[in-house]
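Just so you know, all these numbers are worked out from the coordinates, no wet-lab data involved. The structure presented is a predicted model; accordingly, all values stated were derived computationally and were not measured. Note: ideal-geometry Cβ built from the backbone for every residue, glycine included; neighbour counts use all protein chains shown.
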Amino acid sequence: MLKKIVTRNIRFAVFLAVTIVLSLVGCSNSTTTYSNDESGIITGSLLEAANSNIIATSDSGEYLIPVDSYGRFSSSLPVGVYSLSYRSSTNDKLILTNKKIIIVNNVTISVVDAELVPQPQILYVNVPVIGANSAIIEWETDIESDGYVEYGTNELYGVQTYVSTEQTKQHRIQITGLMSDTTYHFRVVASRHHLDTTTFISSDYTLTTNNY
């Protein structure tokens, strides 16, 4: 039985080939089913996720797909576009497949292998230097990553400043063109290779520029 859950969109790179095979089939007794008039079957093998769950995420929600001790899984899902992930049992990281899976009505999608990407975690955020019109923001991630800073005069932010595309754990960026004596909200967005599915967003932070 699929269980609907709420998680964050939360990656040690393991690169494998992805093969998706489409074939028209019906539901079998060994398949976990989801009650929906328009649904398809996803089956496959992902040894890294053995004895855990595959997490299928779409605009309609997130669903748990049980995986057996051999890494095999088979479940029905509502029609839609999904990304797949699983939570590592060794370090509690969310590992994501770098592919989109399309579930079509009455069609079985067989995922033979998947290209996996770990999601970075932000360990700390620091503002070591604040001037009247600029500030330096630093942060560290647990794995090598890229990322950027979103900032603005409120929590809607509105401005993005990108760092280098180089994958690294230590990040440092200078924001310029700020107004003096003004409080700014900012947050850090970390990712792997700028993939939307690997982004980790920090909490909201504030800084106040000097008045001279």
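Going from the fewest other Cβ atoms within 10 Å to the most, the residues V163, V149 appear in the order V163, V149.
Sorted fewest first by neighbouring Cβ atoms within 10 angstrom, D181, D59 come out as D59, D181. Taking every C-alpha pair closer than 8 Å and separated by at least 6 residues, the mean separation divided by the residue count of the range 122-208 gives a relative contact order of 32 percent. Shown for E150, E144, E38: other C-beta atoms within 10 Å of each C-beta, ranked fewest to most, produce the order E38, E144, E150.
With Cα atoms defining each centre, the range 141-165 and the range 47-74 are spaced 31 Å apart in the structure.
Computed from backbone phi with θ = phi - 60° and the Karplus coefficients 6.51, -1.76 and 1.60, the 3J(HN,Hα) list for the range 59-70 is 4, 8, x, 10, 10, 8, 10, x, 10, 7, 5, 9 Hz; x is used for glycine and proline.
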